[in-house]
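Chemist: Take this structure first; my questions come after.
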Amino acid sequence: MRFYEPVVAARKAKLFEGLHGRVLEIGPGTGVNIPHFPSGVEWVGVEPNPYMRPFQERAAAKAGLRAEFVVGSAESVSLADASVDFVVGTLVLCSVEDVSAVLREVRRVLKPGGEYRFIEHVSAPEGSWHARWQKTVKPVWKFLACGCHCDRTTWADLEAAGFDQVHYERFELPFPVVRPHIIGRATCGSGL
Ligand SMILES: C[S@@+](CC[C@H](N)C(=O)[O-])C[C@H]1O[C@@H](n2cnc3c(N)ncnc32)[C@H](O)[C@@H]1O
């Protein structure tokens, strides 16, 4: 991630503009996104790996954010319906067991008018040499990268998840396997 963060920093700064209120971050890992969040945000992180917590605590303390650390999975979030203003996730839907269940939870916890803001690496276009390359290395990649799927068609899951609107752009980063990415927002008009 040492190489990854500098190349996405400008995109993240823009993506996280205007976050306010209670913000749920799914799969925050070491808390790399925390420095991008505006002060005043009330941050809740849901992360299955308990060893990430000290890193998240340090990042939140440094950023001066009020923070709540939840050990759990994004498929089943222990927050009430319509209880957060934003959900944030970066490079998480590649790793979860059940993308549709996570997106259902995202919609459930978002307040009406709330937004899910995301960056995900995704599958290369079907039929391209890069898509074939992703399929070839997928098993090894999954083993080495802690369960990460390098070739998910995450945009299709987002479009099928029942959000009122989904806006995303594709972009590429100079990495051999996880090159194609999407960045965007999904909005919840009236909740579930
Ligand atoms: C590639 S890391 C990304 C971490 C961070 N979001 C970033 O952008 O660097 C994937 C993260 O998702 C977490 N994760 C895996 N399965 C998850 C799940 N079912 N629910 C929530 N987080 C999950 C992992 O523990 C890990 O912290």
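Nothing in this text is a laboratory measurement; each read-out follows from the coordinates by a stated rule. Small disclaimer: the values here were computed from a predicted structure and weren't measured. All Cβ positions, glycine included, derive from the backbone under ideal geometry; neighbour counts span all protein chains shown.
Chemist: Condition test on A60, is it among the small types (G, A, S) and either within 13 Å of the ligand (Cβ to nearest atom) or in contact (Cβ under 8 Å) with a residue 24 or more places away in the chain (or both)? If you could, list the steps in order and put the result at the bottom.
Modeler: Working: among the small types (G, A, S): yes; either within 13 Å of the ligand (Cβ to nearest atom) or in contact (Cβ under 8 Å) with a residue 24 or more places away in the chain (or both): yes.
Yes.
Chemist: OK, next. State all residues of segment 149-177 that are in a helix (DSSP H, G or I) and among the β-branched types (V, I, T); if no residue qualifies, say none. Full working, then the answer.
Modeler: First, the residues of segment 149-177 that are in a helix (DSSP H, G or I): 154-160.
Across segment 149-177, the qualifying residue is only T154.
Chemist: Go through (1) more than 14 Å from the ligand (Cβ to nearest atom); (2) touching a residue at least 60 places away in the same chain (Cβ under 8 Å) one by one and return the number of the condition E25 breaks.
Modeler: Answer for E25: the failing condition is (1).
Chemist: Right, A74: among the small types (G, A, S), in contact with a strand residue (DSSP E or B) (Cβ under 7 Å, 6 or more places away or on another chain) and either under 22 Å from C150 (Cβ atoms) or assigned to a helix (DSSP H, G or I) (or both) or not? Walk me through how you get there before you give the answer.
Modeler: Details: among the small types (G, A, S): yes; in contact with a strand residue (DSSP E or B) (Cβ under 7 Å, 6 or more places away or on another chain): yes; either under 22 Å from C150 (Cβ atoms) or assigned to a helix (DSSP H, G or I) (or both): yes.
Spelling it out, A74 is indeed among the small types (G, A, S), in contact with a strand residue (DSSP E or B) (Cβ under 7 Å, 6 or more places away or on another chain) and either under 22 Å from C150 (Cβ atoms) or assigned to a helix (DSSP H, G or I) (or both).
Chemist: Something else about it: Given (1) without any contact (Cβ under 8 Å) to a residue 40 or more places away in the chain; (2) in a loop (DSSP other than H, G, I, E, B); (3) farther than 20 Å from H20 by Cβ; (4) more than 15 Å from the chain's Cα centre (by Cα), where does C146 come up short, assuming only one miss?
Modeler: That leaves (1) as the condition not met.
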